[in-house]
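The values are calculated or read from the model by the stated rules, or taken from the named source; none is laboratory data. Remember, it's a predicted structure, so these values are computed and weren't measured experimentally. Glycine also receives a Cβ, built like all others from the backbone with ideal geometry; neighbour counts cover every protein chain displayed. Calculation scope for accessible area: heavy atoms of the full protein, side chains included, ligands and nucleic acids excluded. Shrake-Rupley method; radii C 1.70, N 1.55, O 1.52, S 1.80 Å.
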Amino acid sequence: MEKSNGRNIRFSIRKNNSLLTTDHFEIAFPDQNTLLISGTLESAQWAMNHILRHYAGVEWILPEECGMSYTPMNTIKIPRKKIMVDNISYPVSRVDANWTGWWTQNFRRGLRVDHDLVFHSFPDEKYGRNNSWPKAILPVLNGKKITALPDPERPRHYWQPCYSNPETARIAADNLIEYLDRHPDLFGVSLGTNDNGGYCECSECLKMDKGRSNRSESYYTFVNRVLEMVCTKYPELIVSVLAYSHTYAPPSFKLHKNVLAVMTIDVASCVSPEIMARHKKAIDQWSQKSSMLGIWDYSWGRPYFVPRMYVEAHSEILKYMQKRGGKLYFGENNCCDGFEGPKQYIVYRLLWNASEDPAEIAKEWYERCVGKEAAPYLAAYYKIWNDYFAGPAMKTPWFQSANSVYMTYGDPSHAFGVTPNDIVRADEAMNMVVKLAKTSQEKERAALMMRHWEYSKLLLKIYGVGIYDITGHISTPEQALALLRNAAEYPLNMQKYKEIGEIMIKDRNLNRFYTSKAYISEGYSMIYKKYDTAVANAVLASSAFANDPRVAAELRKTALDPRQPPLIAALCKTFSEAPEKQKNILAGGDAEKEVGKAFEIHPQHRVYANLTVTEKFSSGGRKSFEVKNEGHDALFWVLAPAMPNTTYLAMFKAFIPAPSAEGYLEATLYAEKKGRNQQWRNLPPLKLSGGIWQNFSVMTTTSSSSDSVRLRIYLRKFERGECIYFDDIKIIEVQ
Ligand SMILES: [Zn+2]
């Protein structure tokens, strides 16, 4: 209670009982001296924000410290009239940018959407320790009812309960009720399926599902049965399910009214009219079966090099779904800062009120951010990227992933359509923003926006954007030369990059995100990141023109530059030598003969994948290696004897006829001693675009005790039956 001159601000906190009404609040004046805020623990915050926003001119427009825009004032005047807020467009859950602290100001995490079955419905804690899983729930896999989980260390992977069995639902309901009894403040849970397939193949399940590809009938039957039991005791409970992979299609019947079906959409991919139409159709179909819907959006900002803006699509999809029962939004986006300008802010406003005009919100945002005069230039800057992602980016290899569940956010080819003119225009716009910002708040935010642009510009530079063609290839010695001259500036560019990073991590709101181990190791943080691989790839690309004397001279020059990372110097040295002088220590990597002894599926993985030589596809010659997946992660590896204290470069080409929904590769080259691995690295996912051969290369340096190197290519999350092709596998001694 706050007292001043006999006047009070009173809070009346009601007990929450439903996720649908958590955000509701009321501001009233019951008598001359009292301002009464009524709401839940969560919505009391919204009421305070409402007062600050409407009567003190406050707005939280960016996650950074300078992101609170306000007008200094001594007294706040609030008109004496009742305010009721009880109509929020997406009331159940609104989350974007997992990591940032800013979202607590604007968003609210209400409901989990996850592979949670073994968390509360079939608790691993209860059954996992002594393998006492009830027989009824265990599925038939590969013709046999399993007696233990496929991977007890990862209980939510590779298996599904036998969904058709009513006993499975009864056991889940009993466990869930027990769990809810212990958590009286919980109003929602997730019944999302386990991950990575493993659907039951018993005759009842197969009969219900009429086959193996679409498992919606048995799964949603299970969901309805569970809710009929649980919701008699907990009528307000909201249960999320994932319309995803094998349960993507709606079932033939209506879902229980407490189910909220979450659909996976990379909303920015809806820039393509066909993709927009496809998602709208899916929303229509789902809205016939489920009274509540949600979106799992892959709204990734960083690691894209430039802001991935397409707010029109967000507005259109959010509005469309809201009219058809949309209640939840989850943006999978680990970008913790203001790199994407107004994007997250606009999404937040639309989630609160989907009928707002995004252009109006954007205009307000730009003016608040840098002031009226500078605003048009900041708007022009973001329009460059909006237009880029709505135009040229759609012609890059990256855009092929628009047909997958999510777009491949780690693929640098997304930027290969950016032109030098785009960069000049962005520079001009941002210079004007800095010049025209007036107040100290505006100046601070203009400087911040400029830093974000400088960061983007450096990445575009380091990745050789503007030199490669839009498909990420080069075709002339001039391009090779330009790439190498660009590589020569890499040490200088990294110096500038580090300087920007050092300013950024000082931000008091975001320091803990930028510097958190997880954030850095996942590669989301710009801080402490290196781009040696990108530059090495540029050297690899230019090496195709090493017989041009100018290219050879540039390779020799970079090889001798002491500022270059050893990897790049050594690579340049390797390629400045004639190909026949390069020491390829691996025979048979062109797959033209049978599968050589060096090429294997890991012995323990041979039930998960099969390796052969085929003539179906090849990148050179007539044949390539084919790895056929059996619906489980597998490891394809290649062994070559090696020298101690030596750097090796492994190169291979990979191909998949059509992009995989979730499948990706991880590749690495590790030193070994007597068949024992000596190294370990965190591996970035390598997504295959589909329909084109892609080059990959990995390097390593052996230790004094190493006797061999092993190229490891992990095949992750591919579906049963998907085939990956490999060709031109080489392991070259670099230095
Ligand atoms: Zn079954």
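Per 0.36 nm of contour for each residue apart, how much would the distance between Thr612 and Val595 grow if the chain were fully extended, relative to their Cα-Cα spacing?
5.5 nm
Under 25 Å between alpha carbons, and skipping anything fewer than 8 positions from Lys443 in its own chain: which lysines qualify?
Filter leaves Lys343, Lys363, Lys372, Lys383, Lys435, Lys457, Lys496, Lys498, Lys506.
What FRET efficiency do you get for Thr34 and Asp174 if R0 is 51 Å and r is their Cβ-Cβ distance, rounded to the nearest 0.05?
About 0.60, to the nearest 0.05.
For the chain, with only Lys/Arg (+1) and Asp/Glu (-1) charged at the beta-carbon, what is the dipole magnitude about the Cα centre, in debye rounded to 20?
Using only the charged Cβ atoms, the result is roughly 840 debye.
Identify, among Gly128, Leu36, Tyr298, the residue whose Cα sits farthest towards the positive end of the charge dipole of the chain, taking +1 on the Cβ of Lys and Arg and -1 on the Cβ of Asp and Glu, with the dipole about the Cα centre.
Leu36
Rolling a 1.4 Å sphere over the protein heavy atoms, what is the accessible area per residue of the chain, to the nearest Å²?
Ligands and nucleic acids excluded, the result is 43 Å² per residue.
Semi-axes, largest first, in whole Å: what does sqrt of 5 times each Cα gyration tensor eigenvalue give for the chain?
46, 38, 21
Kindly write out, for region 131-141 in residue order, the coupling ³J(HN,Hα) from the Karplus curve 6.51 cos²θ - 1.76 cosθ + 1.60 (θ = phi - 60°), rounded to whole Hz, with x marking Gly and Pro.
For region 131-141, the Karplus curve yields 6, 9, 4, x, 4, 4, 7, 6, x, 8, 10 Hz.
What does the helix-only formula give at 222 nm for the chain: each DSSP H stretch with n ≥ 4 adding -39500 (n - 2.57), the total divided by the residues, and the result rounded to the nearest 500 deg cm²/dmol?
So the helix-based figure for the chain works out to -10500 deg cm²/dmol.
At what distance in nm do the modelled label points of Ser440 and Lys372 sit from each other, each positioned 7 Å from its Cα along Cα→Cβ?
2.3
Order these peptides, 497-505, 451-459, by their mean beta-carbon neighbour count within 10 angstrom, highest first.
My ranking of the peptides, most packed first, is 451-459, 497-505.
So, R0 is 22 Å and r is the distance between the beta-carbons of Leu560 and Glu489; what FRET efficiency does that work out to, to 0.05?
Efficiency, from the Cβ-Cβ distance: 0.90.
In terms of modelled amide H atoms, which long-range or inter-chain residues lie less than 5 Å from the amide H of Gly301?
It is Asn334, Cys335, by chain and number.
From the C-alpha gyration tensor of region 1-142, pull out the three semi-axes of the equivalent ellipsoid (sqrt of 5λ each), sorted largest to smallest, in whole Å.
Taking √(5λ) for each Cα gyration eigenvalue gives 44, 19, 13 Å.
If the cut-off is a Cα-Cα distance under 26 Å, which lysines reach Lys254, setting aside same-chain residues fewer than 8 apart in sequence?
By straight Cα distance, Lys254 reaches Lys207, Lys210, Lys233, Lys280, Lys281, Lys289, Lys319, Lys323, Lys327.
Where both residues lie in the chain, what percent of DSSP beta bridges are antiparallel, nearest 5?
Of all bridge pairs located within the chain, approximately 70 percent are antiparallel.
Order Thr614, Thr515, most accessible first, counting only protein heavy atoms with a 1.4 angstrom probe.
Thr515, Thr614
Residues of region 41-59 with the amide nitrogen closer than 12 Å to a label point 7 Å from the Cα of Ile78, along Cα-to-Cβ, please.
Residues 44-56 fall inside that zone.
Quantify, in whole percent, the carbon and sulfur part of the accessible surface of the chain (1.4 Å probe; protein heavy atoms only).
53
Per 5 Å bin, what percent of the C-alpha pairs of region 117-356 does each bin hold, from zero upward?
In order of increasing distance, the bins hold 1, 6, 13, 16, 16, 15, 13, 10, 7, 3, 0, 0 percent.
Would you work out which of Thr439, Tyr531, His414 lies farthest towards the positive end of the dipole of region 384-553? Charges go on Cβ: Lys and Arg +1, Asp and Glu -1.
The Cα lying farthest towards the positive end belongs to Thr439.
Can you tell me the length gained on complete extension of the stretch Asp185 to Ala544, counting 0.36 nm per residue apart and subtracting the Cα distance?
Result: 122.9 nm gained on full extension.
Pull up the cross-link candidates among the lysines for Lys81, meaning alpha carbon to alpha carbon under 22 Å and not fewer than 8 places away within one chain.
Lys3
Give the residue list of GluC sites (Glu not before Pro) in region 83-187 that are DSSP loop and have at most 14 other beta-carbon atoms within 10 angstrom.
Taking region 83-187 and a limit of 14 other Cβ atoms within 10 Å, the loop GluC sites (Glu not before Pro) found are Glu153.
What is the gain in length, in nm to one decimal, between Asp357 and Gln288 on full extension, counting 0.36 nm per residue of separation less the C-alpha to C-alpha distance?
22.1 nm
Rg(Cα) of region 665-710 divided by 2.2 N^0.38 Å?
1.41
Out of residues 5 or more away from Ser240 or on other chains, whose amide H comes under 5 Å of its own, with H placed 1.01 Å from N in the peptide plane?
Here Val189, Ser190, Leu191, Leu260 satisfy the definition.
Classify region 384-553 from the C-alpha gyration tensor, please: rounded if a/c falls under 1.5, else prolate or oblate depending on whether a/b exceeds b/c.
prolate
How many angstrom lie between the C-alpha centres of region 6-71 and region 430-470?
So the separation of the two Cα centres works out to 36 Å.
Where the Cα atoms of region 599-733 are projected onto their three principal axes, how long is each span, largest first, in whole Å?
43, 30, 24
Spin-label point model (7 Å from Cα, Cβ direction): what's the Leu41 to Asn584 distance in nm?
Using points 7 Å along Cα→Cβ, the separation is 6.5 nm.
With each pseudo-label sitting 7 Å past Cα toward Cβ, what's the Asp469-Ala390 distance in nm, one decimal?
Going by the 7 Å Cα→Cβ label model, 2.8 nm.
Label region 2-86 by shape, choosing from rounded, prolate and oblate, from the square roots a ≥ b ≥ c of the eigenvalues of the Cα gyration tensor; if a/c is under 1.5 it is rounded, and otherwise prolate applies when a/b is larger than b/c, oblate when it is not.
It is oblate, given that a/c is not under 1.5 and a/b is not larger than b/c.
Trypsin sites (Lys or Arg not before Pro), restricted to region 657-735: which are DSSP loop and have at most 13 other Cβ atoms within 10 Å?
Qualifying residues, ordered by number: Lys674, Arg681, Arg720.
Pop the C-beta distance of Met68 and Ser213 into the FRET formula with R0 = 41 Å and round what comes out to the nearest 0.05.
Given R0 = 41 Å and the Cβ-Cβ separation, E is 0.20.
Are there trypsin sites (Lys or Arg not before Pro) in region 536-606 that DSSP puts in a loop and that have at most 10 other Cβ atoms within 10 Å, and which ones?
Lys593, Lys597
When Lys and Arg each count +1 and Asp and Glu each count -1, what net charge do the other residues less than 10 Å away from Val405, Cβ to Cβ, add up to?
-2
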